[in-house]
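Quick notes on the structure that follows.
The values are calculated or read from the model by the stated rules, or taken from the named source; none is laboratory data. Everything numeric in this text was worked out from a predicted model, so none of it was measured. Cβ: placed from backbone, ideal geometry, glycine included. Neighbour counts: every protein chain shown. Side chains are part of the model used for accessible areas, which takes the heavy atoms of the whole protein and leaves out ligands, DNA and RNA. Shrake-Rupley method; radii C 1.70, N 1.55, O 1.52, S 1.80 Å.
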Amino acid sequence: MTSPAAHPESPWWQHGVLYQVYVRSFADSDGDGVGDLGGVIDRLDHLRWLGVDGVWLSPITRSPNADWGYDVSDYVAIEPTLGTPGDLDRLMDEARRLGLQVVMDLVPNHTSDQHPWFVESRSSRRSARRDWYVWADPGPDGGPPNNWVSSFGGPAWTLDEATGQYYLHNHLSQQPDLNWWNEEVRREFDGIITTWLDRGVAGFRIDVCNVIIKDARLRDNPPATQDDPLDVQLFGQRPVFNANRPEVHDVIRRWRRLADRHPGTLLMGETPVEPVSALAAYYGDGHDELDLAMDFPFISAPLEAPAMRSIVGDLESALPDGAWPVWTGSNHDMSRLATRWAGGDAAKVRVALVLLLCLRGTPVLYQGDEIGLPDTDVPQDRLRDPLGVAYYPAYAGRDGMRTPMPWRDAPGGGFTAPGVEPWLPSGDLARCNVEDQRADPGSVLNLVRDLLALRRRTPDLHGGSYTPLAVEGPGWAWRRGDHHTVAVGMGDGTTVLEGVVGRVLVGTDRGRDGETVDGRLSLHGWEAVVVGPGPTGSTPD
Ligand code: NOJ
C-alpha cells in the first residue's frame with residue numbers, strides 16, 4: 001500500500017478513499033450481538049486488502065443510545081458496549097501499522113439529555129451551564145417559543161416543567177441542542193477536538209455541521225412553498241432560522257485553525273444544504289473551512305445520467321479554487337446504493353460503484369457497499385431506530401441499512417458467534433457475503449478492489465481534473481486528468497463515445513479488461529469502463 005508520504009503534494013484524504021464503519025454492525029468480538037472496537041480491529045485486514053486509506057468510525061463515545069451514539073453523554077470516554085480506551089489504543093496502533101487513518105464522528109450540535117452539562121443546565125435557571133443550551137420562555141399562548149420543527153418530526157421544543165422554560169432539540173427530545181453562541185461551549189469543544197487529535201485521530205466527520213448555530217432572535221421559520229425540495233415541503237417550513245445560519249462559518253474557521261495544528265487533519269462535514277452555492281460556502285475560501293462537504297443532492301439523485309451529471313457539474317463550477325469534492329452513495333441514514341440507486345439490479349450496482357470511485361473527489365464507501373449489499377427488511381418487532389419505532393409503517397426508519405456486515409454464509413454470519421442473536425437481524429447471508437465474493441474474480445468485491453488499486457496507482461484518477469465529454473445514448477462520460485476516460489452506460493440502450501484511444505483498464509464486464517479502444521467506445525446498457533493508456537487493472541495479492 002502506498003503511504004501518504006508518496007503524495008507529498010496532496011493530503012491523505014484527497015488522494016485516498018474513505019470507508020465508513022458503523023461500529024455496532026461491523027464485527028462483534030465479544031459475542032454479545034453488538035459490533036465493537038475489538039471487531040473493527042479483527043477486520044482491519046479486510047480494509048487493508050480492499051485498499052481504502054481511512055476509516056470513519058460512527059460515534060464510539062459514551063451514549064445512552066437514544067439515537068445510537070448520536071446522543072453523547074461524554075465526548076472523551078468510550079461507550080462501554082463498544083469497548084474500552086485500551087481497545088481504541090490497540091485499534092489506532094493496528095491501523096497505523098496497516099497505513100490506515102482513523103476518523104472520528106464528532107457530534108457538536110447536541111448532547112444527550114443525560115450529559116452532565118445538560119443535567120446541570122436544566123437544574124435551575126441560574127445554573128452556571130444554563131446558557132450552554134438553547135432555553136427560551138414559552139410563547140404568548142404558553143406553547144413553544146416559536147414554530148421550529150424537529151428534523152425527526154414534531155416541535156423542536158420541549159417544556160422543562162421544573163424551570164418553566166422550553167429547551168431546543170433539532171432531533172429527539174433526548175438530544176438538546178447546545179448554544180454555540182456561548183464562548184464556553186466553543187472552548188470546551190476546542191479541548192475535545194484537541195484531545196482526539198493528540199490521541200492520533202486523523203480527522204472528524206462533523207454531524208449536522210450546518211445546524212449548530214441558530215438565529216440569535218429565535219425568529220419563526222417561513223412557510224415552505226411548492227418550489228422547495230420535497231423534504232422541506234413535508235416539514236411545512238424552510239429551515240432558515242434553526243439551521244444554515246451564516247455565523248456557522250465562524251465556528252468552522254475556528255475548528256480549521258485548531259485542526260491545522262496537526263497538518264493533514266480532515267474536517268468532513270455532514271452538510272445537507274442547498275442550493276449548491278450554500279454547500280460550496282462550507283469550503284470557505286478553499287482552505288479555511290471544511291476539507292470535504294458532503295453533497296446530499298448527489299446521494300439523493302436517481303441513478304440517471306442527466307440528474308447526476310448536472311449535480312456534479314454544478315458542484316464543480318461552484319467550488320472555490322483548491323476545494324475538493326466528496327462523493328458517497330450510502331450511509332447509516334440513507335437507503336444503501338444497491339437498493340436506492342440500483343433497485344437490486346446487479347449491473348446497476350457495478351455501474352454505480354465505478355461512477356462513485358472515478359469522479360474527481362474523495363469517495364466514501366459505506367460498509368457493505370463493496371459487496372453491493374442491499375437494504376435488509378427489518379420486521380417491526382426488531383426495529384431499534386427511534387424513527388422506525390415512531391413512524392412504522394409509514395417510514396420503517398434506518399435499521400435496514402444498519403444490519404450486520406455479512407462476512408460469510410454461516411451461523412452468526414462471521415459478524416457474531418454462532419447462536420448469538422445480533423442486535424439487528426442479518427440479511428440473506430447466502431446471497432451476499434464477503435467470503436464468497438472474495439473467492440469470485442468476477443464479484444462486485446473484486447471489482448471494487450481492482451478499481452481502488454487502479455485509482456491508487458493512477459495520478460489522473462486520484463488527483464486529476466474532471467472534464468465532461470459528449471456521448472450518444474443514455475450514458476455519461478468524463479475525462480480524468482490528461483489520459484483517462486470514464487464512461488458509464490446509464491440506461492438499457494447503447495452509449496457511444498467517439499475519440500477515445502487506449503485500453504480498458506477496468507470494466508464492469510471484466511471480459512473487457514485489456515480490450516483496445518481505437519476511437520469509438522461503445523457500451524452496452526448498464527455497463528461502465530475506465531479507459532487509459534496504462535496496464536490492465538489486475539491487482540497483485
Ligand atoms: C446525522 C446522523 O448521521 C444521524 O444518524 C443522527 O440521527 C442525526 N445526525 C442526529 O445526530
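For the set F235, F241, solvent exposure ranked by accessible area (probe 1.4 Å, protein chains only) runs largest to smallest as F235, F241. Using the Cβ of G464 as centre and a radius below 15 Å, the other residues enclosed give a net charge of +2, where K and R count +1 and D and E count -1. By definition, a body whose alpha carbon gyration tensor gives a ≥ b ≥ c is prolate when a/c is 1.5 or more and a/b is larger than b/c, and the chain fits this prolate description. Each label point was placed 7 Å from the Cα along the Cα-to-Cβ direction; for E9 and W49 their separation is 3.4 nm. Counting only alpha carbon atoms, the long axis of helix 85-98 and the longest principal axis of the chain meet at about 20°. Which shape class, rounded, prolate or oblate, goes with the range 428-473 when its Cα gyration tensor gives a ≥ b ≥ c as root eigenvalues, a/c under 1.5 marks rounded, and past that a/b bigger than b/c marks prolate? Oblate. Helix content alone sets the calculated 222 nm mean residue ellipticity of the chain: runs of n ≥ 4 DSSP H residues at -39500 (n - 2.57) each, divided across all residues, give -7500 deg cm²/dmol.
Within the shell of other residues whose beta carbon sits under 11 angstrom from the beta carbon of V504, the net charge comes to -1, with Lys and Arg scored +1 and Asp and Glu -1. Taking E435, E270 and ordering them by how much accessible surface each has at a 1.4 Å probe, largest first, produces E435, E270. So what's the angle, to the nearest 10 degrees on a 0 to 90 scale, between helix 183-198 and the longest Cα principal axis of the chain? Helix 183-198 sits at roughly 40 degrees to that axis. Classified by the C-alpha gyration tensor, the range 219-319 has an oblate form. Its axis ratio a/c, with a ≥ b ≥ c, is 1.5 or above, and a/b does not exceed b/c. Summing charges over all other residues whose Cβ lies under 13 Å from the Cβ of A477, with Lys and Arg as +1 and Asp and Glu as -1, gives +1.
In the complete set of protein chains, residue-level accessible area for D93 is approximately 90 Å², probe 1.4 angstrom. Across the chain, Cα pairs under 8 Å and at least six residues apart give a relative contact order of 12 percent.
Between 0 and 90 degrees, rounded to the nearest ten: what's the tilt of helix 305-318 against the longest Cα principal axis of the chain? So the helix axis and the longest Cα principal axis differ by about 60 degrees.
Taking amide hydrogens as placed 1.01 Å from N in the peptide plane, the amide H of Y366 sits under 5 Å from those of Q20, G329, S330, each at least 5 positions away in sequence or on another chain. With a 1.4 Å probe and every protein chain kept in, tell me what percent of the accessible surface of the range 108-235 is carbon plus sulfur. Using a 1.4 Å probe with all protein chains present, the range 108-235 comes out at 50 percent carbon and sulfur. Surface calculation, 1.4 Å probe, protein heavy atoms: D288 sits at approximately 50 Å² accessible.
Accessible surface for M268 stands near 0 Å², nearest 10, in the context of the full protein assembly shown (1.4 Å probe). Counting only protein heavy atoms and a 1.4 Å probe, tell me what percentage of the range 297-357's accessible area is made up of carbon and sulfur. With neighbouring chains kept in place, the figure for the range 297-357 is 51 percent. Against the criterion of solvent-accessible heavy-atom surface with a 1.4 angstrom probe, Y466, Y283 sort, most first, into Y466, Y283. Peptides 59-71, 313-325 ranked from most to least packed give 59-71, 313-325, packing being the mean of other C-beta atoms within 10 angstrom over each peptide's residues.
Looking at the chain, the accessible area is 38 square angstrom per residue; that uses a 1.4 Å probe and ignores ligands, DNA and RNA.
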